[in-house]
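To keep things clear, I will list the structure first and then write my remarks on it.
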Amino acid sequence: MVVTALRFRSLVASLFLAVGSAQPVVADGGGVILTVTSGSSSVTFGREDLERMRQVTYRTTTIWTDGVQEFRGVPLDQVLKQAGATGTRIILGATNDYAAELPVDTISADVPIIALTVNGVPMTLRDKGPLWVVYPYDDSRTYQSEVIYTRSVWQLDRIEVLP
Ligand SMILES: Nc1nc2c(c(=O)[nH]1)N[C@H]1C(S)=C(S)[C@@H](COP(=O)(O)O)O[C@H]1N2
Ligand SMILES: [Mo]
């Protein structure tokens with residue numbers, strides 16, 4: 001039922017796009033929210049693409065929020081694999097032009113995640129969304145460091161893979 005509703009909404013959105021402008025209709029019915037660039041090739045993801053991938057949940061506090069929060073999203077590792085990214089370093093870029101570089105060998109299967117929701121609710125641009133790279137800070141002292149905080153990029157909109 002939910003699927004039907006979403007499909008119907010996409011269809012309406014597509015029709016609107018088709019009628020309202022000369023722009024090509026976006027295949028997934030939603031906008032691109034993340035672009036992974038590797039050399040001269042780019043792979044783009046809509047919200048639904050990311051939601052369809054393996055999801056991981058952290059319950060943790062952060063230095064930017066009050067109390068324990070439930071972050072849910074797709075592991076960064078999963079996104080890099082899906083994009084076919086091979087490299088030794090990546091740059092996480094945000095809409096405000098903030099960027100942080102990290103070595104690929106610091107990324108594990110479940111850490112960090114690109115969070116899509118906090119406490120079950122999608123994040124708006126105002127509350128650090130729609131995508132926020134988060135670590136399970138409460139799980140280990142090693143995640144409670146300035147280096148990890150700098151990699152906790154909110155308003156993430158692009159990933160650049162470096163050789
Ligand atoms: N999009 C975005 N993410 C970001 C930043 C930023 O300016 N923009 N600052 C980073 C750095 S260097 C740290 S230490 C924290 C900064 O958090 P604060 O500004 O709340 O201290 O978030 C990180 N993530
Ligand atoms: Mo920082």
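The values are calculated or read from the model by the stated rules, or taken from the named source; none is laboratory data. This is a predicted model, so every value here is computed, not measured. Please note: Cβ atoms are built from the backbone with ideal geometry, for glycine as well, and neighbour counts cover all protein chains shown. In case anyone asks, the SASA skips ligands and DNA or RNA and just uses the protein heavy atoms, side chains included. Shrake-Rupley method; radii C 1.70, N 1.55, O 1.52, S 1.80 Å.
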- [ ] Sort out which residues of the stretch 119-147 are under 20 Å from GLY67 (Cβ atoms), within 15 Å of ligand 1 (Cβ to nearest atom) and open to solvent by less than 40 Å² (accessible area, probe 1.4 Å), and write them in order of number.
- [x] MET123, GLY129, TRP132, VAL134, TYR135, TYR137
TODO: Only strands (runs of 3 or more DSSP E) wholly contained in the stretch 111-163 count here; list those with 3 or more residues that are within 16 Å of ligand 2 (Cβ to nearest atom).
DONE: 132-134
- [ ] Among the residues of the stretch 40-58, count how many are touching a residue at least 24 places away in the same chain (Cβ under 8 Å) and open to solvent by 70 Å² or more (accessible area, probe 1.4 Å).
- [x] 2
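Considering each residue of the stretch 72-115, count those that are of a type in the set (Val, Ile, Thr), touching a helix residue (DSSP H, G or I) at 6+ places or on another chain (Cβ under 7 Å) and closer than 17 Å to GLY129 by Cβ, and give that number.
So the first thing to find is which residues in the stretch 72-115 are of a type in the set (Val, Ile, Thr), and the list is 74, 79, 86, 88, 90-91, 95, 104, 106-107, 111, 113-114.
Narrowing the set further to residues that are touching a helix residue (DSSP H, G or I) at 6+ places or on another chain (Cβ under 7 Å) leaves 74, 88, 90, 107, 113-114.
Next, from what is left, pick out any that are closer than 17 Å to GLY129 by Cβ: 74, 113-114.
Looking only at that region, the number is 3.
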Task: Meets criteria (away from ligand 1 (no atom under 15 Å from the Cβ), closer than 24 Å to GLY31 by Cβ and open to solvent by less than 70 Å² (accessible area, probe 1.4 Å)) for LEU116 - done: yes
Open item on the list: Every residue in the stretch 28-73 that is more than 16 Å from ligand 2 (Cβ to nearest atom), under 20 Å from ASP157 (Cα atoms) and of a type in the set (Phe, Trp, Tyr), please.
Closed with: PHE45, PHE71
